[in-house]
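The structure appears right after this line, and notes come after that.
The values are calculated or read from the model by the stated rules, or taken from the named source; none is laboratory data. Treat the numbers as computed from the prediction; the structure is a model and nothing was measured. So basically every Cβ, Gly included, is an ideal-geometry build from the backbone, and we count neighbours across all protein chains shown.
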């Protein structure tokens with residue numbers, strides 16, 4: 001009887017130990033799976049938040065570009081046409097009435113002011129919505145920007161163009177054009193440079209655009225917003241790309257993205 005009782009106790013202890021071990025393993029397994037589930041949820045939440053930020057940024061920039069387009073069309077179609085009509089009326093008045101010398105001079109002055117205003121309106125319209133970008137694409141529009149800078153004879157632009165080889169949709173072309181506008185503006189306003197070089201090349205499936213000038217580089221007393229770097233970085237993020245500023249003489253901006 002004592003032997004049977006001892007065997008029962010050992011069996012009970014063995015079964016109890018096994019059960020506790022199974023419970024411990026189940027608890028460890030549950031904890032592991034629970035942590036994995038939390039990690040997946042956190043990752044999904046982070047990814048959703050990132051996508052939400054990108055969607056919001058894209059919507060804001062798209063709304064800005066839509067407003068720019070509308071404003072450019074209004075400038076060109078409404079104000080520009082009215083100024084042109086006013087100038088024509090002044091020219092006819094000048095021819096028909098044969099006014100006195102003083103009146104003649106006033107008409108000439110008015111025509112000069114109107115011509116300057118028409119030119120300003122046209123330039124604003126082109127800056128907001130460049131016709132060359134719409135008609136001929138990014139390569140032509142950037143070449144036009146470079147030619148405009150070269151015309152000042154204060155800065156020489158060397159454009160090693162390969163932009164026409166990049167497969168870009170209209171939104172991507174406009175995004176890159178705005179980036180180039182910002183970069184040219186930075187050089188003209190802050191860099192005190194005499195030369196700009198632009199390179200475009202492909203490495204595998206990735207495209208790289210390098211903009212560099214021989215100016216002062218990145219001054220420490222200007223904010224990223226003041227230099228427009230934040231605008232550039234936000235637009236590059238819309239391309240799912242990256243931007244860096246390699247150190248060296250002058251300012252250099254390297255953009256990498258996959259179309």
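Remarks
- Filtered by the rule that a residue be assigned to a helix (DSSP H, G or I) and under 15 Å from residue 197 (Cα atoms), segment 145-178 gives 145, 146, 147, 148, 149, 150, 163.
- Just one residue in the set 247, 206 is modelled with pLDDT of 90 or more, surrounded by fewer than 16 Cβ atoms within 10 Å (Cβ to Cβ) and farther than 24 Å from residue 123 by Cα; that residue is 206.
- Candidates 216, 189 - the one that is at pLDDT below 90 and in a helix (DSSP H, G or I): 189
- Answer residue from segment 146-161, given it is in contact (Cβ under 8 Å) with a residue 40 or more places away in the chain and within 16 Å of residue 130 (Cβ to Cβ) and is nearest to the chain's Cα centre (by Cα) among those: 146
- Search result, residues across segment 178-194 that are farther than 21 Å from residue 239 by Cβ and surrounded by 15 or more Cβ atoms within 10 Å (Cβ to Cβ): 187, 188, 190, 191, 193
- Filter result for residue 236 (at pLDDT 85 or above, loosely packed, with under 13 Cβ neighbours inside 10 Å and closer than 24 Å to residue 51 by Cα): no
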